[in-house]
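Undergrad: Dropping a structure here in structure tokens format, bear with me for questions.
The values are calculated or read from the model by the stated rules, or taken from the named source; none is laboratory data. Just so we're clear, the structure is a prediction, and the values are computed from it rather than from any experiment. Here Cβ is always computed from backbone atoms with ideal geometry, including for glycine, and neighbour counts include all displayed protein chains. We work out accessible area using only protein heavy atoms, side chains counted, and drop any ligands, DNA or RNA first. Shrake-Rupley method; radii C 1.70, N 1.55, O 1.52, S 1.80 Å.
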Amino acid sequence: MDVLQAGRTGASVVIGIYSPVNRCLKTSFALTMGQLLARNERVLYINLEEYSGFTRLIQARHEQDLSDVLYLYRQGAYNWLKLKSIVYSWGGMDYIPPVRYAEDLNQVSPEDMACLFGPHRPGERVTRSCWVDVGRWGKGRRCRFWENCDAVYMPVKDDCISAAKVEEFDEYVKAAGSELLQGRIH
């Protein structure tokens, strides 16, 4: 069964969206797919980019955002009830507003991020599909975060420079010993 079908059958899935190629419509893809899937199931969109532009795109102001979620997690005060108060909705898709301060993303380890949005106890997840726009956060040692993803979608462009970047990324994944990740990239 493919990952998208798993979400439709009630299984919880975490989807990462990342690309080593810049300006490849990665965020547009993530938002569009998230909203399309939200027509039939609960979807939570999370953006890990330092400067996502997301709140400007949807013209919204938020009192709390991913910075607050990360703070609660680091303090040991994170729970699904508090998380639900930080989840907003746009076009039928749930989302946690991106961080206010880019530095907040540097203060969380890949293991903690994986634990934060990964499966906890059965039935505890607030959504069936979690779409994580990984942005630059997915580089280097943070590759470990992706191992908790059921799939990683990688939009790319069709040109020689983009192909070279994808080749280099593939080599890195192999060298980092992330065979598990290799089979999950689409």
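Undergrad: Quick one: in the range 142-169, of everything that is charged (D, E, K, R) and under 19 Å from Val14 (Cβ atoms), which residue is modelled with the highest pLDDT? Walk me through how you get there before you give the answer.
TA: Going through the range 142-169, the residues charged (D, E, K, R) turn out to be 142, 144, 147, 150, 157-159, 165, 167-168.
With under 19 Å from Val14 (Cβ atoms) added as a condition, the list becomes 142, 144, 147, 150.
Details: Arg142: 58, Arg144: 65, Glu147: 73, Asp150: 88.
Result: Asp150.
Undergrad: Check the range 56-77 and report whether any residue there is at pLDDT below 90, open to solvent by less than 40 Å² (accessible area, probe 1.4 Å) and assigned to a loop (DSSP other than H, G, I, E, B).
TA: The answer is yes, given that some residue of the range 56-77 is at pLDDT below 90, open to solvent by less than 40 Å² (accessible area, probe 1.4 Å) and assigned to a loop (DSSP other than H, G, I, E, B).
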